[in-house]
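Q: Below you'll find the structure I mean.
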Amino acid sequence: MSRLFLLFFAVSLSGCAQHPLYAWGPFDDVISRALQGGRNVNGEILRMEQFARSAAMLGQKLPPGYHAQLGLLYAEAGNEDHMEAEYMQEKSLYPVSGIFMDFLLSGREAGYEK
Amino acid sequence: MRSRMRRVVLLVILGMFSSSGCTFIGANNSTPRFNQSFPGVLLLVPPVNRIPGSSAGENLLAWSVVILSEAGYYVLPPALTSEVFARHGFKRQEQIRNIAPEKLRRIFGAEGVVYLTVDGTGINHRVSGIRAGVHASGELVDLRSGRTRWKGRGESEGGGRTASKLLPEPMQMMISGELRMKVSESAAGQAAMNLFLNGDSPLPQGPYRRD
């Protein structure tokens, strides 16, 4: 009986926030790896892109910085067009990122070397 | 007869909780409400990592992005901001603290900077197999005033805490149950959640929650 009580209790409390605001997927892992350096860029691009597609299909929102991180991966893979597209997508989804995204897109920051 | 009465009482209480959920809990606690003057766009600086040979710092930073974003803040992508710092020779936190706030606002559009430090119990978990506890501390500086607006501490479960918590802290209930479960699988995740949303000085809710 007390176990049932605890279960209901936990369930009702978890109802406070039904779903996460954002779909996180591999993002937290990708961030951690990116900060540690030395990783499989193309594999990570694949992971991030696949998850982005599934999130879109489910109508879920990707978190702040997701597109920007993907853009950085593209830059490291030598794909500047995709990098720019991702930075602009970040700016479109999250206008407060505009100052930083513009900074990255402008020539001021000597672009990411291939 | 007595046990039936108890069951009825328990079912009534269950009913109360189920229907009102967090409103009931929230009423008993002073949950900090959204504060419009509080920085909403956050720059996270790589933590000072006092656990040698571990990726606790990077993990704490990654989980901080999750927790802060879910709490309603826009978190500037840390791999990109760190790379900008590194390119200009700023590799250590102390160096970044010396940068003029106006400059950080101008480049990143940041409203606040979060400085983190991670410490551990000192047990090398790779050798002993015991999961090392993660102790995190943090400070949020408002770039518009240059003043510290928030300070906090948090630990992973089993990182020295004696009471095991059945109930999530009120602010932690902003984080959905399913995500809390994922967070709690990582010591750094637990530390991040306890750091920002726990106890005496949780962060206020951020401005970007679509509630």
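The values are calculated or read from the model by the stated rules, or taken from the named source; none is laboratory data. Keep in mind that what you see is a predicted model, and the values were worked out from it rather than measured. Cβ: placed from backbone, ideal geometry, glycine included. Neighbour counts: every protein chain shown. With ligands, DNA and RNA removed, areas are computed over all heavy atoms of the protein, side chains included. Shrake-Rupley method; radii C 1.70, N 1.55, O 1.52, S 1.80 Å.
Q: Which one of these does A:Glu76 not meet: (1) open to solvent by less than 40 Å² (accessible area, probe 1.4 Å); (2) touching a helix residue (DSSP H, G or I) at 6+ places or on another chain (Cβ under 6 Å); (3) of a type outside the set (A, V, I, L, M, F, W, C)?
A: With (1) open to solvent by less than 40 Å² (accessible area, probe 1.4 Å); (2) touching a helix residue (DSSP H, G or I) at 6+ places or on another chain (Cβ under 6 Å); (3) of a type outside the set (A, V, I, L, M, F, W, C) applied to A:Glu76, the lone miss is (1).
Q: I would also like to ask the following. Run down B:Phe90, B:Phe85 and say which single residue is in a loop (DSSP other than H, G, I, E, B), over 30 Å from B:Ser176 (Cα atoms) and of a type in the set (Phe, Trp, Tyr).
A: B:Phe90
Q: Looking at B:Ser64 and the list (1) over 19 Å from B:Val134 (Cβ atoms); (2) modelled with pLDDT of 95 or more, which single condition is not satisfied?
A: Only one criterion is unmet by B:Ser64, namely (1).
Q: I've got another one for you. With B:Gly120, B:Gly146, B:Gly199, B:Gly159 as the choices, which residue is modelled with pLDDT under 85, surrounded by fewer than 18 Cβ atoms within 10 Å (Cβ to Cβ) and more than 14 Å from every other protein chain (Cβ to nearest Cβ)?
A: B:Gly199
Q: Scan A:Ala56, A:Ala52 and give me the residue that is part of a helix (DSSP H, G or I) and either surrounded by fewer than 17 Cβ atoms within 10 Å (Cβ to Cβ) or modelled with pLDDT under 95 (or both).
A: Exactly one residue qualifies, and that residue is A:Ala56.
Q: Do any residues in segment B:100-113 that are within 12 Å of another protein chain (Cβ to nearest Cβ) have Cβ atoms under 6 Å from those of residues that are open to solvent by 50 Å² or more (accessible area, probe 1.4 Å), where the two are at least six apart or on different chains, and which pairs are they?
A: Qualifying pairs under 6 Å: B:Gly109/A:Ile99.
Q: Taking segment A:21-49 as the search range and keeping residues that are of a type in the set (Gly, Ala, Ser) and either surrounded by fewer than 19 Cβ atoms within 10 Å (Cβ to Cβ) or assigned to a loop (DSSP other than H, G, I, E, B) (or both), which one is farthest from the other protein chains (Cβ to nearest Cβ)?
A: A:Gly43
Q: Test each condition in (1) facing chain A (nearest Cβ under 8 Å); (2) open to solvent by less than 10 Å² (accessible area, probe 1.4 Å); (3) touching a residue at least 40 places away in the same chain (Cβ under 8 Å) for B:Trp63 and report the one that comes out false.
A: Result: B:Trp63 fails condition (2) only.
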